[in-house]
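Scroll down for the structure; my scribbles are underneath it.
The values are calculated or read from the model by the stated rules, or taken from the named source; none is laboratory data. On a predicted model such as this, the values are computed, not experimentally measured, just so you know. Because the Cβ atoms are built from the backbone with ideal geometry, glycine has one as well, and the counts that use them run over all protein chains shown.
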Amino acid sequence: MAALDWFANDVAVAAPVPRSRPRAVPRRRAKAKPRRLRGGVAWIVAFAVVLAGVVALNVAVLRVNMNVSRLDRAQIELQAENAALASNVSSAASAQRIEQAAHKLGYVPAPATDTSYIQLGSR
């Protein structure tokens, strides 16, 4: 390369040649991937359906548990009522009560000497 003389006026310097820009090649615009978007929506819908199913199942289980609780209370009440009725039956069938009712009606117990047995026949 030659040395550059800053003070020389007689040297003609060519104007710089404007370089043309390389022409930009238009890129193909990437199409939106609707399949991917549809897939995401499908997953969201599937997840929502699963959650709705879980909620419905929990509501059904809660209703069943409420019915079971109600039936347990009814069973306990019926058992208590059966115990009271069994007590009434046993007290009504007691020998002492029957003897008192007979005495009120004017019956008296037979003396043991008047008791006899009847033979119904031999087998």
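The table below lists the values:
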| read-out | value |
| --- | --- |
| Odd one out for residue 30 among (1) at pLDDT below 75; (2) under 35 Å from the mean Cα position of the chain (by Cα) | (2) |
| Some residue of the stretch 34-54 being surrounded by 10 or more Cβ atoms within 10 Å (Cβ to Cβ), assigned to a loop (DSSP other than H, G, I, E, B) and either at pLDDT 75 or above or not basic (Lys, Arg) (or both) | no |
| Hits in the stretch 91-106 (condition: of a type in the set (S, T, N, Q), surrounded by 10 or more Cβ atoms within 10 Å (Cβ to Cβ) and in a helix (DSSP H, G or I)) | 91, 100 |
